[in-house]
Ligand SMILES: [Zn+2]
């Protein structure tokens, strides 16, 4: 068991961190002995323990000698093949030989370790919980978007514990039998082209389908076939308005054909023509959608009958609880069910939004992502509970089609977009968690025609061993994992005895698993074993485990 000593102001952050790094722990109590103690510089403990890990680079066992601190707006630590951005104070230790992580600015070690009379003390040059509080609060700027920072903090902690000679028990953030989860989502913003008569959307479509497509072809960004599909679509426009031709934007059900048995989640806007509000004043008029739920009701029925989910694409729910309740009710009027999932239209959100959505009864939100780039706004691949909420889970949004391809955003060719997305898939395979993808309703139709890219993306995700699930299923799986409590953990010389129980069980979802990392073999005179790949064993966790697992 790990004892964790942090100031009370960081207790909520520590609780959430150890839901993401799901390992046996408790807040440090003076009358208990722990094999491992984690503390921050602000909460020093004189603990009797075999391994003391002091974040912030302070502990009563350490001196300030050789410690160099900086309060630059951002520092980087190199750790294995990655860079960890540090948003608060970051220190290095002159002369430290610990080969775990290094401050990029001066190349010195960010970790200092000593081993005296069988007790190992490890100082780490930043405050983990301040960093996690920043990531789960304001989040990462665009230029750090592709860094799964929280997962790297977890990996670093795990490596320190195992290299100090201890096993590491955890419930990883991926279901048994899968490397990670995938949440395919579709924001339904423009499901009826016919409703856009002589407006900006129609003008934009006409330009991009004709001159824009010709330019893209000349620059070798699209094929001749795709150019022709666009010109043919533009030529059909008068016939669509005259109701003599099918509306190709009203064909988002084709996602069911493309996705096959992989379920997805469709976020639909509850009120037609309502642009909503910003914090001060009204949102731009064009934020209001031009369709009503009754126009897509039949399609939604067929989509849900096929195993997919419908949820709220919110307008003002991010600002106040009454709007959240109203938006749920509008959808319920049409479809007669309760809707507990939401993503805000245009990703409007602020730091108070999670508690507003929580109070409105939403079980999950999926708005925390970037409009202009892809990656990890909250620094994590995992579903998490935003601070100051009771029940709401956040399914972070990682990849949005428009961010990849729009000229004002990343403006990538499909080849370059593939490279970017492959990096995120690799991260998901390595760290677990969920990869959340938003492909808009009309992105498979002219003029975007990003359907082939999407098909290939699905194939790649499947090949990487992903579990495909709706947003509600992904939230449910993480809820099940969060419900696990470790009732007993004992480390023997060659085995670990563990008793763990799930209090939430959903037999329709894949099981979580228990993973036990083997301790590295250490030389008694050295604080750390040599670096290498960590070995582990997995066991399925159906409802409870009470057993001794050999290492
Ligand atoms: Zn939207």
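Residue by residue, here is whether (1) touching a helix residue (DSSP H, G or I) at 6+ places or on another chain (Cβ under 8 Å); (2) within 15 Å of residue 443 (Cβ to Cβ); (3) in the same structural domain as residue 290 (by TED's automatic domain parsing) holds:
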{"position": "199", "(1), (2), (3)": "no, no, no"}
{"position": "202", "(1), (2), (3)": "yes, no, no"}
{"position": "218", "(1), (2), (3)": "no, no, no"}
{"position": "223", "(1), (2), (3)": "yes, no, no"}
{"position": "229", "(1), (2), (3)": "no, yes, no"}
{"position": "234", "(1), (2), (3)": "yes, no, no"}
{"position": "241", "(1), (2), (3)": "yes, no, no"}
{"position": "262", "(1), (2), (3)": "yes, no, yes"}
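Any residue at all in region 512-519 that is surrounded by 20 or more Cβ atoms within 10 Å (Cβ to Cβ), more than 24 Å from the chain's Cα centre (by Cα) and not in a strand (DSSP E or B)? Yes, region 512-519 contains a residue that is surrounded by 20 or more Cβ atoms within 10 Å (Cβ to Cβ), more than 24 Å from the chain's Cα centre (by Cα) and not in a strand (DSSP E or B).
For the subset of region 369-383 comprising residues that are within 16 Å of the ligand (Cβ to nearest atom) and touching a residue at least 60 places away in the same chain (Cβ under 8 Å), which member is surrounded by the most Cβ atoms within 10 Å (Cβ to Cβ)? Can you show your working first?
So in region 369-383, the residues within 16 Å of the ligand (Cβ to nearest atom) come out as 369-372.
Those left that are additionally touching a residue at least 60 places away in the same chain (Cβ under 8 Å): 369-370, 372.
Values: 369: 25, 370: 22, 372: 13.
Only one residue fits best here, namely 369.
Being closer than 30 Å to residue 468 by Cα and surrounded by fewer than 17 Cβ atoms within 10 Å (Cβ to Cβ) is not true of residue 259.
What number of residues within region 181-206 are in a strand (DSSP E or B) and more than 15 Å from the ligand (Cβ to nearest atom)? Break it down stepwise before answering.
Of all residues in region 181-206, those in a strand (DSSP E or B) come to 181-188.
Narrowing the set further to residues that are more than 15 Å from the ligand (Cβ to nearest atom) leaves 181-184.
Residues meeting the conditions: 4.
Filter region 94-119 for residues that are without any contact (Cβ under 8 Å) to a residue 60 or more places away in the chain and not in a loop (DSSP other than H, G, I, E, B) and give the result. Outline the logic, then answer.
Our first condition is that a residue be without any contact (Cβ under 8 Å) to a residue 60 or more places away in the chain; within region 94-119, this holds for 94-97, 101-112, 116-117.
Passing the criteria: 101, 102, 103, 109, 111, 112, 116.
Return the residue satisfying two criteria in turn: it lies in region 407-444 and is on the phi > 0 side of the Ramachandran plot and touching a residue at least 60 places away in the same chain (Cβ under 8 Å), and of such residues it is surrounded by the most Cβ atoms within 10 Å (Cβ to Cβ). Step through it out loud before you land on a result.
Step one: of region 407-444, the residues on the phi > 0 side of the Ramachandran plot are 411, 432-433.
Checking which are touching a residue at least 60 places away in the same chain (Cβ under 8 Å) leaves us with 432-433.
Numbers: 432: 19, 433: 28.
Among those that are on the phi > 0 side of the Ramachandran plot and touching a residue at least 60 places away in the same chain (Cβ under 8 Å), it is 433.
All conditions in (1) modelled with pLDDT of 95 or more; (2) closer than 25 Å to residue 476 by Cα hold for residue 305, with the sole exception of (1).
Consider residue 497 carefully, then state whether it is in a strand (DSSP E or B) and surrounded by fewer than 15 Cβ atoms within 10 Å (Cβ to Cβ). When the stated conditions are applied, residue 497 passes them.
Return yes when residue 122 is touching a residue at least 40 places away in the same chain (Cβ under 8 Å), in a helix (DSSP H, G or I) and surrounded by 19 or more Cβ atoms within 10 Å (Cβ to Cβ) and no when it is not. Outline the logic, then answer.
Numbers: touching a residue at least 40 places away in the same chain (Cβ under 8 Å): yes; in a helix (DSSP H, G or I): no; surrounded by 19 or more Cβ atoms within 10 Å (Cβ to Cβ): yes.
So residue 122 fails the test.
In region 220-268, what residues are within 16 Å of the ligand (Cβ to nearest atom) and assigned to a helix (DSSP H, G or I)? Within region 220-268, 249, 255 meet the criteria.
The values are calculated or read from the model by the stated rules, or taken from the named source; none is laboratory data. Everything numeric here is computed off the predicted structure, so don't read it as measured data. For neighbour counting, all protein chains shown are included, and Cβ atoms are generated from backbone atoms with ideal geometry for every residue, glycine included.
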